[in-house]
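S.K.: Dropping a structure here in structure tokens format, bear with me for questions.
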Amino acid sequence: MATSAPAVKQRAFDQTERRQRTLWGDAWRRLTRNKAAVVGLVVIVMFVLVAIFAPLLAPHNPVLQTNSNSLRPPMWVDTGNPRTTGVPEHVLGTDTLGRDTLSKLIYAARVSMIVGLVPTIFVTLVGVTIGLISGFAGGWVDNLMMRSVEIVSSFPDLLFLITLNVALRDTVFGRTANGLLLIFVALALVSWTGMARLVRGQVLSLKQKEFVEAARAVGAPRWQIVLKHLLPNTFAPIIVSISFLIPGFILGESVLTFLAVGMRPSVDPTNQFPTSWGVMVQEGYNQLSSGPWMLLFPVLCIAAVMLAFTFIGDGLRDALDPRETK
């Protein structure tokens, strides 16, 4: 007997409702209703696109030096900025060596985005792995791993970062990728402990739940319980933690560079990562009285990225809260 049209429509509606009631579907819907989080997403996507298409967007070579063109003011200052067909040649002015500030900002976005991403990947992999093993195994394994976490976290982060960078800065390892590799390692080494503790706490609260006991009862191997039952249920706090880690690493690179133990600026015109916002902050601070715009623009970029990630993190924390039903 043929199925009536209303019955088909009702079945399709029920299937749509089931899809919409999944955890991730509900979370995405709540996240998109958060205006601040949406603004944060737009800002981050914009900076990522700027970083990817930097060679197409930058009006000048960011390392091109012109001594007769140094310390040109931004476009809203009427004097001192040569114009081409009515448009200022340097929209955001130049630095002490005549390099275009806007082009430097665009290329610096590449470094800052990578600095935020690469250490986060390492921290997530190490922290999640240690947290899962420690929380699920328990006993002496848990005690040994948590004592290791406490030892690492007992070091003052900033002092450890400065010491490591000073000790290895002039080595081959420290000069690789203009010092970026050393920054990646330094930031990751002191940051994985928080992720490990977070995941361990989640696993300790989950491994006594009924669905885990049921998996044990049917003879599921331990690796399957960890990867298919415990790990997916820790994704929500992990994602929220990642959204706060990334801006922290971007700020960390800026602080290290400002203290002259971070990234090395490059003068190679073929280098795709010639500078960072941290380098620009250091240069701007040294010329604060004669060229305050050199400090203003990288600080605004850092602040915008950190604020955007904060909005996203707050939005994710609310959207992934299982008690939230809006």
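The values are calculated or read from the model by the stated rules, or taken from the named source; none is laboratory data. Note that the coordinates shown come from a computational prediction; the quantities given were computed from them, not determined experimentally. In this analysis, Cβ positions are derived from the backbone assuming ideal geometry, glycine residues included, and neighbour counts consider all displayed protein chains.
S.K.: Here are some residues: ALA236, ALA214, ALA220, ALA196. Which one is in a loop (DSSP other than H, G, I, E, B) and out of contact with any Lys or Arg (no Cβ under 7 Å at 6 or more places or on another chain)?
M.R.: Going through ALA236, ALA214, ALA220, ALA196 in turn, the sole match is ALA220.
S.K.: Looking at PHE47, PHE13, PHE53, which one is at pLDDT below 65 and not polar (S, T, N, Q)?
M.R.: Checking each option against the conditions leaves just PHE13.
S.K.: Right, another one. Examine the stretch 165-178 for a residue that is of a type in the set (Val, Ile, Thr) and under 18 Å from LEU204 (Cα atoms), and state whether such a residue exists.
M.R.: no
S.K.: How about the stretch 40-58: which of its residues are surrounded by 14 or more Cβ atoms within 10 Å (Cβ to Cβ) and in a loop (DSSP other than H, G, I, E, B)?
M.R.: The answer is ALA58, and nothing else.
S.K.: Tell me, which helices (runs of 4 or more DSSP H) wholly within the stretch 107-184 include 2 or more residues that are surrounded by fewer than 20 Cβ atoms within 10 Å (Cβ to Cβ) and touching a residue at least 60 places away in the same chain (Cβ under 8 Å)?
M.R.: It comes to 157-168.
S.K.: Can you tell me how many residues within the stretch 215-236 are over 15 Å from SER205 (Cβ atoms) and out of contact with any helix residue (DSSP H, G or I) (no Cβ under 6 Å at 6 or more places or on another chain)?
M.R.: Of the residues in that region, 11 qualify.
S.K.: Give the stretch 247-280 a look and list any residue that's over 23 Å from LEU71 (Cβ atoms) and part of a helix (DSSP H, G or I), or say none.
M.R.: PRO247, GLY248, PHE249, ILE250, LEU251, GLY252, GLU253, VAL255, LEU256
S.K.: Answer yes or no as to whether LEU132 is over 17 Å from VAL255 (Cα atoms) and within 26 Å of the chain's Cα centre (by Cα).
M.R.: So LEU132 fits the description; yes.
S.K.: Moving to a separate point now. Taking PRO156, is it modelled with pLDDT of 85 or more and within 26 Å of VAL305 (Cβ to Cβ)?
M.R.: Taking the combined requirement at face value, the residue does not satisfy it.
S.K.: Tell me the residue from VAL218, VAL299, VAL267, VAL255 that is among the β-branched types (Val, Ile, Thr), surrounded by fewer than 19 Cβ atoms within 10 Å (Cβ to Cβ) and without any contact (Cβ under 8 Å) to a residue 12 or more places away in the chain, please.
M.R.: So the residue among VAL218, VAL299, VAL267, VAL255 that is among the β-branched types (Val, Ile, Thr), surrounded by fewer than 19 Cβ atoms within 10 Å (Cβ to Cβ) and without any contact (Cβ under 8 Å) to a residue 12 or more places away in the chain is VAL218.
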